[in-house]
1. Along the Cα-to-C-beta direction of VAL86, a point sits 7 Å from the Cα; which residues of the range 36-70 have their amide N less than 14 Å from that point?
2. Which percent of the Cα-Cα distances in the chain go past 25 Å?
3. Per residue, how large is the accessible surface of the chain? Use a 1.4 angstrom probe and give square angstrom.
Amino acid sequence: MYAVDSRAVTLPSMVLGGLRPLYRQMARANVRGVGFAHTAGTNRFEVRLIAAVGGPTLEIRSEDRTVVITVALTAQFRAQPELDPVSYRRLCAMLTPDAAPSPGTVVRFLQGLVAQAPAVLSRTDAHAA
């Protein structure tokens, strides 16, 4: 189930557990954040996994910076993503240009991002901070 209002599009709750191995390595190495690239079709995204006080945070930016998404995760890597309506429509248009915006498009995008995420800290950007 998802909800749409004038301020946010709330997607269904999901577990992004594929990020756990990378996050555990970050904790063991005392690394606060790591970045990696994600490609979806012809679109390239910059992704950062950040160790925050309230739990991990996932920041996603399109290469041209027209889409910026921040997803807070619980300690169990559960997320209930909320996107502003403009970013939601832009992301859906990037991923499925000939279709109407759909929450399923964003859910599949996040699942694909997690599937492509590196499981090894050494495969992230050299500027992990």
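The values are calculated or read from the model by the stated rules, or taken from the named source; none is laboratory data. Bear in mind that the values here come from a model prediction, so they are computed numbers and not experimental data. As a convention, Cβ positions derive from the backbone with ideal geometry for all residues, glycine included, and neighbour counts pool all protein chains shown. Keep in mind that these areas ignore ligands, DNA and RNA; they rest on the heavy atoms of the full protein, side chains included. Shrake-Rupley method; radii C 1.70, N 1.55, O 1.52, S 1.80 Å.
1. 65-69
2. Details: 1782 of 8256 pairs.
So the pairs more than 25 Å apart make up 22 percent of the total in the chain.
3. Details: 7080 Å² over 129 residues.
With all protein chains present, the chain gives 55 Å² per residue.
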